[in-house]
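Before any comments, here is the structure.
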Amino acid sequence: MDESLGFFKAVGGGEVDRKSIAGFLWKAGMAFNPFVSTRLSENMKLAKGTDGNLKGEGLITGGLYVIRQGGAVEYAFREAEIGDPVPMDEVVAAAQRAAYAAQSACDAK
């Protein structure tokens with residue numbers, strides 16, 4: 001368990017990107033307005049029907065890293081809005097580059 005929120009601080013550039021409950025509720029309310037399209041409303045549509053839970057903070061944005069062998073960051077993704085989908089094609093490409101770099105390093109030995 002990351003009780004110190006170290007991962008979220010790393011993704012957030014040293015700070016935890018915590019959204020306010022008031023801002024979230026306003027954006028969530030706007031999600032039900034048929035005349036307004038917000039990033040959160042689009043994320044909510046994408047998540048509809050997805051199993052999940054309500055455990056945890058819920059208002060902290062997250063992200064994803066693809067790390068090369070040795071610790072170099074090959075790819076970083078940071079949510080700007082809660083629920084931003086990860087561009088999987090970019091993640092797969094980064095994982096392939098990291099794997100290729102690791103294999104090349106092994107072959108060079």
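Here are some conditions: (1) open to solvent by less than 60 Å² (accessible area, probe 1.4 Å); (2) more than 26 Å from Lys9 (Cβ to Cβ); (3) modelled with pLDDT under 80; (4) not in a loop (DSSP other than H, G, I, E, B). Glu42 meets all but one. Which one does it not meet?
Condition (1) is where Glu42 drops out.
Here are the criteria: (1) at pLDDT 70 or above; (2) among the hydroxyl-bearing types (Ser, Thr, Tyr); (3) surrounded by 10 or more Cβ atoms within 10 Å (Cβ to Cβ). Tell me which single one Ser4 does not satisfy.
(3)
Report, ordered by the first and then the second residue, all pairs with beta carbons closer than 7 Å, sequence separation of six or more or different chains, a first member in the range 67-82 that is closer than 30 Å to Ala22 by Cα and part of a loop (DSSP other than H, G, I, E, B), and a second member that is among the small types (Gly, Ala, Ser) and open to solvent by less than 50 Å² (accessible area, probe 1.4 Å).
From residues that are closer than 30 Å to Ala22 by Cα and part of a loop (DSSP other than H, G, I, E, B), the pairs are Glu79/Gly62; Glu79/Gly63.
Please identify the pairs in which a residue from the range 5-26 that is closer than 18 Å to Asp84 by Cα has its Cβ atom under 8 Å from the Cβ atom of a residue that is assigned to a helix (DSSP H, G or I) and modelled with pLDDT of 85 or more, counting only partners at least 6 apart or on another chain.
Cβ pairs passing all conditions: Val16/Lys9.
Could you list, in sequence order, the residues of the range 12-22 that are more than 9 Å from Leu59 (Cβ to Cβ) and either modelled with pLDDT under 75 or surrounded by 14 or more Cβ atoms within 10 Å (Cβ to Cβ) (or both)?
Gly12, Val16, Asp17
The values are calculated or read from the model by the stated rules, or taken from the named source; none is laboratory data. Bear in mind that the values here come from a model prediction, so they are computed numbers and not experimental data. Quick reminder, even Gly has a Cβ in these numbers, built from the backbone with ideal geometry, and neighbours come from all protein chains shown. When the accessible area is computed, the model is the full protein with side chains, heavy atoms only, and any ligands, DNA or RNA have been set aside. Shrake-Rupley method; radii C 1.70, N 1.55, O 1.52, S 1.80 Å.
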